[in-house]
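Taking it in order: structure first as structure tokens, then the write-up.
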Amino acid sequence: MRIIFMGTPDFAVASLQALLEAGSNIVAVVTAPDKPAGRGQKLSESAVKQFAVAQGLKVLQPEKLRDPEFLNELRALKADLHVVVAFRMLPEVVWNMPPKGTINLHASLLPQYRGAAPINWAIINGEKESGATTFFIKQEIDTGAVLFVEKISIDDDVTAGEYHDRLMIKGAGLLVKTVKAIESGRYTEQPQEQLTDGRELKHAPKIFKEDCRINWNEPVETVYNRIRGLSPYPAAFTELNGKTFKIYKAQKNTETPSETPGTFKTDNKTYLKFACNNGYINVTEVQLEGKKRMGIEEFLRGVKL
């Protein structure tokens, strides 16, 4: 099959690499345009572009996916299948173009956690299991018929970043399996409506700044899950000495607090813990506004609280 791959971040690179190693015929890669980044505002290439160029693949970087010139280029490539991993929303004229359709790898067990941040929200909500799903793209976002699913447990202490890396590799394998099944014609489609099991659907919208603010009046488990689910990016935060204080790693302590929620205790050497409504959060990896990210002992050596 002639395949066009669409993706942008590191998460998508693992899938593109796995397809190439499996012998897939990638005739082009579509990724985001180069963007100015850093203090010098030099143009920065996406992770997918860097990898694709190194592999000698044709790269397309349209500003607009409905641009007639871009659409003509796509048609001229005569792809049998489009494969999408961590890319932007496609217009129908793009996903409906190839005869075998367009498939997407999504980082959740659909229909749960449709949206932009499935890994973050699964951990924030304290899920014990999530995974990856391949499906055919249709009009409504993340709603197409499911092809294959890979379930992956979520350990109690795993962060979103750690789970992302695990899912990235497992998802790449699932994508290869899906492409081979489509090539051979040996697959079934399961409408997502049949997969809900009567459960309430949970969503995974884009993360905004207020989603990252810690509410110390919540139970310690809830605060702990929010910290894990937002680490390393964009990171949960609170205020300390009037400055933004990001927390990347922490431990939960169910000892009943005597302090008001949000109050902290420290020996100024080895520990810093904040009271929640039913326990403490011992912070272990942090970043105060204007400082670098560091372990708690190094942080306390430089700041007196």
Would you call Leu174 in contact with a strand residue (DSSP E or B) (Cβ under 7 Å, 6 or more places away or on another chain), buried (at least 18 other Cβ atoms within 10 Å of the Cβ) and of a type outside the set (Phe, Trp, Tyr)? yes
Test of understanding: among Lys202, Lys292, Lys209, Lys252, which residue is over 29 Å from Pro118 (Cβ atoms) and charged (D, E, K, R)? Lys292
Scanning region 267-305 for residues that are aliphatic (A, V, I, L, M) and more than 19 Å from Arg213 (Cβ to Cβ), which turns out nearest to the chain's Cα centre (by Cα)? Met294
Would you be able to say whether some residue in region 91-99 is at pLDDT 95 or above and within 14 Å of the chain's Cα centre (by Cα)? no
If you check Ile247 against the conditions, is it in a strand (DSSP E or B) and in contact with a Lys or Arg (Cβ under 9 Å, 6 or more places away or on another chain)? no
Matching strands (runs of 3 or more DSSP E) fully within region 7-70 where at least 1 residues are surrounded by 19 or more Cβ atoms within 10 Å (Cβ to Cβ): 25-30
I need every pair where a residue in region 128-157 that is closer than 30 Å to Glu221 by Cα has its Cβ under 8 Å from the Cβ of a residue that is of a type in the set (Phe, Trp, Tyr) and surrounded by 18 or more Cβ atoms within 10 Å (Cβ to Cβ), sequence separation at least 6 or different chains. Ser130/Tyr113; Ser130/Tyr163; Thr133/Phe148; Asp142/Phe135; Ile152/Tyr163; Ile154/Tyr163
Among (1) free of Cβ contacts under 8 Å to residues at least 24 places away in the same chain; (2) in a helix (DSSP H, G or I), which single condition is Glu239 missing? (2)
Just one listed residue, out of Ala117, Ala107, Ala122, is crowded, with 23+ Cβ neighbours inside 10 Å and either among the basic types (Lys, Arg) or closer than 27 Å to Lys49 by Cα (or both), and it is Ala107
Given the options Gly279, Gly295, name the one that is open to solvent by less than 40 Å² (accessible area, probe 1.4 Å), small (Gly, Ala, Ser), in contact (Cβ under 8 Å) with a residue 24 or more places away in the chain and touching an Asp or Glu at 6+ places or on another chain (Cβ under 8 Å). Gly279
Evaluate region 215-235: report whether one residue or more is basic (Lys, Arg), open to solvent by 50 Å² or more (accessible area, probe 1.4 Å) and within 21 Å of the chain's Cα centre (by Cα). no
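The values are calculated or read from the model by the stated rules, or taken from the named source; none is laboratory data. Keep in mind it's a predicted model, so treat the numbers as computed, not measured. Cβ sites come from the backbone with ideal geometry, for glycine too, and all protein chains shown count toward neighbours. Surface areas here come from the heavy atoms of the whole protein model, side chains and all, with no ligands, DNA or RNA. Shrake-Rupley method; radii C 1.70, N 1.55, O 1.52, S 1.80 Å.
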